[in-house]
Amino acid sequence: MNFERFDKLARTDRVVLLTALELLWQNGRTMIQSEDVSKLTAGCVSSLGGFYTAEKLREIVDICKNLAHLETAELIRCFRCGGMEIKAPDAEEEGICPICGGDLEYGDDEPLDDGGVRDWTCLSCGATGKEGYNKVFDQHYDVRDGDGNPYSPPSNDIVCAMDPAPSPCAPKLLMMGQESINALPQGDVEQMNVYFPREDWNLYFWGFTCFSRQNYSKTVSLDCMDEVMLGVQCIEGGTLGELAIRWHTLGGKPVPRLEVYNDAWQIMQTPTFAAVMEELTQMSRHHDPMPDEVSALLIAHGFTDQSDYPLIANHD
């Protein structure tokens, strides 16, 4: 978990982030780090199962485990820089008059050793005062070595294969723990970058899980026969959008139904998803594809099977 991922969750899915933090604070870092994801997910069913789907619970636990690996100072920095710093209800705010709540107009700026003071006048009630501020470290700028050459710090986010640029049929590999996963194809990146221009696309990949091949399938109830959840996932936890193919009984037989969350509408426009839907359409002309068939199709298109018991095709 890095700051960029924390900030994105704070901006787009704060409820999930706060739930993961609550889980961390209730159980402690050591317990979260040592416990298996499936056991943690199953343990959340009784308290959170009525509020989240099984897949969402798994996402919350994944985020919680990532947070558990952060040092306390780094977690505090994420809170402060990510706009989630907790303030007292009566705490004064920058640019707001403490008397009437009106906007402030600033005058002279008096620098001090540890910060500075700005004169202000309230545009609403005419009150006057001074606003103090402290120096807070942001980051280093224009760093150069002893010879005057620009310095770029090494990245610790992911390790990429140092092979020549891969072809569309052989996507480059990322590393997630000990597992190799396919990076997002360039066509998908270009399409999604229109909607998510601030993302680090080196952190994302196509992934999916099949409910019947999850450990928690024995303890979590499902309102359908089986489901495959897929989407653009992050190697640090969470997704940019996800959708589901669920099998319901219709006319006495299992029939797949596509269900899309509103945060996944953008990924439906990617070349990879379009290619998957085209093959599913052709397959459906002859028979309704079952979960293992859909899983094999996704793997063939570069998806990583994140299920607790991956389809055997994932190892071929």
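Where a number appears in this text, it was derived from the coordinates with a stated rule and is not lab data. These figures come from a predicted structure and were not determined experimentally. No Cβ is skipped: glycine too gets one built from the backbone with ideal geometry, and neighbour counts run over all protein chains shown.
Given the pairs Lys65/Lys218; Lys8/Lys130; Lys218/Lys253; Lys8/Lys65, which are separated by over 24 angstrom at their Cα positions?
Numbers: Lys65/Lys218 22 Å; Lys8/Lys130 34 Å; Lys218/Lys253 22 Å; Lys8/Lys65 17 Å.
Violating the 24 Å limit, Cα to Cα: Lys8/Lys130.
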* **Ranking of Thr272, Thr72 by count of other Cβ atoms within 10 Å, fewest first** => Thr72, Thr272
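Could you state the orientation-averaged shadow area of the convex hull built on the Cα atoms of the range 245-310, in nm² to one decimal?
Values: hull surface 21.4 nm².
For the range 245-310, averaging the hull's shadow over all directions gives 5.3 nm².
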* Asked: What ranking do Leu123, Leu40 get, fewest neighbouring Cβ atoms within 10 angstrom at the top?
  -> Leu123, Leu40
* Asked: Arranged by the count of other C-beta atoms within 10 angstrom, fewest first, what order do Trp206, Trp120 take?
  -> Trp120, Trp206
* To do: Please go through the range 17-77 and write out the chymotrypsin sites (Phe, Trp or Tyr not before Pro) that DSSP classes as loop and that have at most 14 other C-beta atoms within 10 Å.
  => Phe51
* **For the range 101-109, Karplus couplings with θ = phi - 60° (6.51, -1.76, 1.60), whole Hz, Gly/Pro x** => x, x, 6, 9, 10, 8, x, 5, 10
